[in-house]
Amino acid sequence: MTRAAEEHRLVAGAFSDRVRGAAPSTWDDPAPCAGWVARDVVRHLVEWFPAFLHAGAGVDLPKGPSVDEDPVAAWTVHRDGVQALLDDPTTARRTLTNPHLGSLPLDEAIATFYTSDVFLHTWDLARATGQDERLDPDRCARMLAGMLPMEQALRDSGHYGPRVEVPADADVQTRLLAFIGRVP
């Protein structure tokens, strides 16, 4: 098993806990992402990544029901498809090519761009659905350390809001969330 496969299993597992833990009445509650509700957090992950994989590596993930129809089943089918791809020993020898990123090993591209997105959106879904918002502090520290040197490029991408000011002694999860533009 590759490191990317294990990381996805852990991160997607935590997100899955929040998906399964969401009360049906909370799927249309506001999420911390402007203009989104809880189900949109799942929709984002289920919809952007298959297109990214198809365009860059010719990979087609299994399709589940729509997020509007059944967000739990939509996420489960999607998560299982990504995990199967990462568990496939040939994935580490495949390449993803993207005009903005160049060529990367497929498993590395998944870990860098997708698994980290799932990790960050775990907080969004937890906040929207009133669940446990705690994230792994070690992963928060690694992500923040890796993102800080690329701050301008990340801001220019349009994927992150303006940094939110927090006290200098704030915990690492609060600093990471504030860095990506969330109000912790």
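Please treat every number below as a calculation from the coordinates, not as lab data. These figures come from a predicted structure and were not determined experimentally. Every residue, glycine among them, receives a Cβ derived from its backbone with ideal geometry; neighbour counts consider all protein chains shown.
Efficiency by 1/(1 + (r/R0)^6): what FRET value for residue 157 and residue 1, r their Cβ-Cβ distance, R0 = 41 Å, to the nearest 0.05?
On the way: r = 31 Å, r/R0 = 0.75.
E(calc), rounded to 0.05, equals 0.85.
Below 15 angstrom from the Cβ of residue 27, what's the summed charge of the other residues (Lys, Arg +1; Asp, Glu -1)?
Summing Lys and Arg as +1 and Asp and Glu as -1 gives -2.
Once R0 is set to 30 Å, what does the formula 1/(1 + (r/R0)^6) return for the Cβ-Cβ distance between residue 94 and residue 69, expressed as a FRET efficiency to the nearest 0.05? If you can, show how the numbers build up before the last one.
On the way: r = 31 Å, r/R0 = 1.05.
Efficiency for this residue pair is about 0.45.
Can you give the relative contact order of the chain as a percent, counting alpha carbon pairs under 8 Å and 6+ residues apart?
Once divided by the residue count of the chain, the mean separation gives 24 percent.
Can you compute the helix-only [θ] at 222 nm over the chain? Use -39500 (n - 2.57) per DSSP H run of at least 4 residues, normalise by all residues, nearest 500 deg cm²/dmol.
Result for the chain: -17000 deg cm²/dmol, rounded to the nearest 500.
Once the Cα gyration tensor of the chain is diagonalised, what are the square roots of 5 times its eigenvalues, in whole Å and ordered largest first, as equivalent ellipsoid semi-axes?
Taking √(5λ) for each eigenvalue gives 25, 22, 15 Å, largest first.
Does the stretch 135-184 come out rounded, prolate or oblate, given a ≥ b ≥ c as the square roots of the eigenvalues of its C-alpha gyration tensor, rounded meaning a/c under 1.5 and, failing that, prolate meaning a/b above b/c?
Taking the square roots of the gyration eigenvalues as a ≥ b ≥ c, the stretch 135-184 is oblate.
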